[in-house]
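Structure first, then comments.
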Amino acid sequence: MTAIAMMMTMGIHAQGWKARYANTIRIEPGDSKEQIIEKATHVVPTRNQMEAMRREFIAFIHFGPNTFTRREWGTGMEDPATFDLKELDTDQWCQAMKDAGMRLVILTVKHHDGFVLWQSRYTRHGIMSTWFRNGRGDVLRDLSASCSKYGLRLGIYLSPADLHEIESPQGLYGNLSKYTMRTIPREVPGRPFKCKKKFRFLVDDYNEYFLNQLYELLTEYGPIDEVWFDGAHPKRKGGQTYNYHAWKELIHALAPKAVIFGREDVRWCGNEGGATRQTEWNVVTYPVDPDTLQHFNDMTDRDLGSRERLYEGRYLHYQQAETNTSIREGWFYRDDTRQRTRSADDVFDIYERSVGGNSTFLLNIPPNREGRFSDTDVSVLRETGKRIRQTYGTNLLLGASGPKAVLDGKEETFLDVAGPIIITTPSPVTFNRLMLQEAVDKRSERVEEHVVDAWVDGHWKEIASGTNIGYKRILRFPDVTTDKIRIRIIASRAPPTISHISAHYYKARPPRLACRQDRDGLVTIEAVKHNFGWNAHGHDIAKNLNAGYKIYYTTDGTEPTEASSPYTGPFTMHSGKLKAISILNGQNGAVLAEQMGIAKTNWKLIGADNGVNGHSATMAFDANPGTYWMTSEQDTCGIAIDLGQTETIHGFAYTPQREHSKGMMAKGVIQCSSDGKTWDTVGTFEFGNIINDPTKRFHYFHKSITARYIRIAATETTGNSPVTTAAEIDFF
């Protein structure tokens with residue numbers, strides 16, 4: 001779009017609408033496309049939303065009975081004594097989070113199992129019924145004190161779903177109680193509140209229970225800056241509904257600076273695996289006024305805010321994305337040996353893609369059964385924080401000449417862009433990161449496409465490009481040395497307003513590694529290539545910046561060093577623990593650790609639904625995760641495989657298909673046979689939260705089995721689907 005066209009867009013006003021900046025703007029039935037875009041350029045974040053955006057990198061803490069049962073979702077009927085906590089060191093948590101550069105921590109004070117981590121007046125299903133500190137322990141109180149000590153803000157995760165209240169005979173969830181006018185908080189003899197504010201709401205028993213607990217959390221633990229509501233519903237009962245408007249009124253009154261996740265303030269990014277959109281718009285559409293919405297509104301589409309999507313809406317609303325994932329495989333701690341952990345390479349990469357992609361990075365760190373963060377996790381956090389400080393703590397454009405408003409480091413100043421922005425440094429600088437920010441709190445999101453050039457060898461050379469900018473865009477590219485940079489806005493919804501430009505340098509490190517194994521057991525190890533930008537034609541620009549590295553590996557589970565086998569090309573491996581490392585200039589990269597499966601050369605299908613719509617059963621073991629098996633709706637037998645010879649098997653891995661959420665294995669049974677006819681059950685398995693995190697899952701047997709024939713059958717699939725799907729099944 002040309003500058004003239006941009007001006008024209010701003011010059012067209014919807015009939016009866018006076019141009020004004022607001023958090024939500026209604027689209028009228030007669031609005032033209034130009035009028036809709038103009039309205040979009042007037043949608044801005046609230047003060048609370050802007051403060052939340054500035055926090056950028058925040059922490060999640062999943063802690064509870066699941067920590068001790070090693071499950072992802074509890075049943076709600078666990079004995080509180082299951083939470084067998086002896087020690088608690090929230091200072092250690094906060095020190096590690098501070099070292100990582102995090103600014104806020106959100107604790108799961110109540111997960112879906114209904115177990116509470118604070119001294120609630122309104123239930124006995126919680127920490128007060130454990131042996132921890134003789135029943136007087138309070139994890140939230142400890143964490144609040146540690147946050148004050150280390151300068152971190154505090155948030156709470158309070159699950160609306162409550163399996164304890166659902167499953168208990170006298171549970172309040174869905175008990176069909178009448179809506180009557182009730183006073184919040186309900187007084188409890190001997191437990192008075194210091195806060196004397198009272199509220200009156202027309203609610204049922206469960207909403208009263210929920211409001212009473214919210215009142216405790218928001219008045220007795222210091223300032224709360226984020227309230228996190230999960231939309232998950234393990235079970236429903238009695239037609240229970242949530243009176244969200246009462247919840248919101250209470251939160252706004254008692255925690256006026258808090259943003260609410262899952263509602264109209266902050267939204268889910270759409271996955272739990274650390275994936276980010278190439279273009280993350282925070283001006284999104286709603287079919288109704290978001291302030292009146294009663295249900296949770298997950299937005300998972302790849303495109304949420306392009307012009308085409310805006311035209312489809314009825315309301316335009318600013319709602320920032322939160323990219324949430326875990327440092328470990330799963331949300332709760334299981335163990336340090338079989339639970340895979342992200343490397344600092346991986347966490348830093350997600351940081352740059354999320355914070356540098358117009359969203360907030362929410363990283364979960366689950367405490368172990370000793371009440372501490374694992375040493376492995378602490379090491380990753382410290383290294384991540386070190387890289388953030390080393391890279392973004394130095395602005396290579398300090399002292400440069402150019403528009404003062406984008407170079408002065410002040411968020412309140414911004415440049416009304418009328419042409420290319422040219423910045424000149426006193427002497428040549430070498431950089432490979434460029435940070436851009438728009439004045440979103442004052443002028444909304446406007447830039448749709450931009451390009452960065454550097455003056456190299458006497459002419460301008462394009463070094464990076466991107467789509468939108470929003471609160472923050474970090475462009476990554478190979479090293480460039482220059483004394484002159486040019487930023488060109490190629491397309492914009494209105495005259496662009498840029499508030500910040502800075503250049504940074506990230507020192508090349510040995511690359512992260514990935515591996516794959518074909519049907520014959522041939523293993524390939526390769527470097528993970530970063531995605532450094534998005535060009536004008538929409539193609540990935542993937543380049544490897546780690547030239548000269550070498551790879552060494554082991555196949556017996558020992559740690560690889562330069563004395564290990566050098567990787568020179570694919571090699572055959574018949575099951576086992578592969579570990580590999582890249583080394584560059586004497587520096588070691590993150591260790592790749594992967595359980596490799598038994599080679600599938602001689603595997604044969606001996607029993608299964610043949611599959612439908614081109615998704616045959618053999619696709620479950622073709623060593624290609626891009627294909628998958630899908631049964632007909634009548635399937636109950638699962639899949640039986642002849643391994644070709646008798647094997648000693650320690651466990652199996654299940655890779656879910658990612659094309660849709662239908663039929664993923666949530667629970668199942670494993671059977672073995674020596675003749676393919678008579679079957680013995682050797683165990684059951686459960687994969688929690690698999691829809692939102694459809695990554696490869698591992699199940700280890702309590703003791704190894706010896707068999708030639710194996711059968712796996714799902715006893716529960718995602719969404720209670722009548723079909724079963726599997727992208728890949730491996731045994732090891």
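Numerical summary
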| read-out | value |
| --- | --- |
| Complete set of residues in the range 581-599 that are more than 29 Å from ALA707 (Cβ to Cβ) and out of contact with any Cys (no Cβ under 7 Å at 6 or more places or on another chain) | ILE581, SER582, ILE583, LEU584, ASN585, GLY586, GLN587, ASN588, GLY589, ALA590, VAL591 |
| GLY16 vs. criteria at pLDDT below 95, assigned to a loop (DSSP other than H, G, I, E, B) and assigned by TED's automatic domain parsing to the domain that holds ILE365 | no |
| Residues satisfying the stated conditions in the range 338-375, i.e. of a type in the set (S, T, N, Q) and modelled with pLDDT under 95 | GLN339, THR341, SER343 |
| Contacts under 8 angstrom Cβ, first residue in the range 44-72 being within 30 Å of SER444 (Cβ to Cβ), partner assigned to a loop (DSSP other than H, G, I, E, B) and small (Gly, Ala, Ser), 6 or more apart | VAL44/SER444; ASN48/ALA258; PHE57/GLY101 |
| Those residues of the range 577-606 which are among the small types (Gly, Ala, Ser) and either at pLDDT 90 or above or touching a helix residue (DSSP H, G or I) at 6+ places or on another chain (Cβ under 9 Å) (or both), in sequence order | ALA580, SER582, GLY589, ALA590, ALA593, GLY597, ALA599 |
| Number of positions in the range 102-122 that are surrounded by fewer than 21 Cβ atoms within 10 Å (Cβ to Cβ) and either at positive phi or more than 27 Å from the chain's Cα centre (by Cα) (or both) | 3 |
| Any hit, the range 314-329, residues being under 30 Å from GLY30 (Cβ atoms), without any contact (Cβ under 8 Å) to a residue 24 or more places away in the chain and outside any loop (DSSP other than H, G, I, E, B) | no |
| Test result for SER120, modelled with pLDDT of 95 or more, in the same structural domain as TRP331 (by TED's automatic domain parsing) and over 29 Å from ARG55 (Cα atoms) | yes |
| Failed condition for THR618, given (1) in contact with a strand residue (DSSP E or B) (Cβ under 6 Å, 6 or more places away or on another chain); (2) crowded, with 21+ Cβ neighbours inside 10 Å | (2) |
| Residue match in the range 434-453 (condition: among the hydroxyl-bearing types (Ser, Thr, Tyr) and more than 27 Å from the chain's Cα centre (by Cα)) | no |
| Subset of the range 676-729 that is more than 25 Å from LYS662 (Cα to Cα) and in contact with a Phe, Trp or Tyr (Cβ under 7 Å, 6 or more places away or on another chain) - its residue that is modelled with the lowest pLDDT | GLY676 |
| Members of the range 671-713 found to be free of Cβ contacts under 8 Å to residues at least 12 places away in the same chain and under 19 Å from PHE332 (Cβ atoms), listed by number | none |
| Qualifying residue in the range 494-511 (condition: surrounded by 21 or more Cβ atoms within 10 Å (Cβ to Cβ), within 25 Å of the chain's Cα centre (by Cα) and farther than 24 Å from LEU396 by Cα) | yes |
| Single unsatisfied condition, TYR206 versus (1) of a type in the set (Ser, Thr, Tyr); (2) surrounded by fewer than 21 Cβ atoms within 10 Å (Cβ to Cβ); (3) not in a loop (DSSP other than H, G, I, E, B) | (2) |
| Subset of the range 406-447 [among the acidic types (Asp, Glu), in contact with a Ser or Thr (Cβ under 7 Å, 6 or more places away or on another chain) and surrounded by fewer than 22 Cβ atoms within 10 Å (Cβ to Cβ)] | GLU411, ASP416 |
| Candidate set: the range 469-485, residues that are under 19 Å from the mean Cα position of the chain (by Cα) and not charged (D, E, K, R); chosen: the one farthest from GLY356 (Cα to Cα) | TYR471 |
| Selection status of ALA145, surrounded by fewer than 21 Cβ atoms within 10 Å (Cβ to Cβ) and among the hydrophobic types (A, V, I, L, M, F, W, C) | yes |
| Scan of the range 272-284 for residues that are under 27 Å from PRO694 (Cα atoms) and in contact (Cβ under 8 Å) with a residue 60 or more places away in the chain, ordered by number | GLU272, GLY273, GLY274, THR276, ARG277, GLN278, THR279, GLU280, TRP281, ASN282 |
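The values are calculated or read from the model by the stated rules, or taken from the named source; none is laboratory data. Predicted, not measured: the structure shown is a model, and the values here were computed from it. FYI the Cβ positions are ideal-geometry reconstructions off the backbone, even for glycines, and counts take in every protein chain you see.
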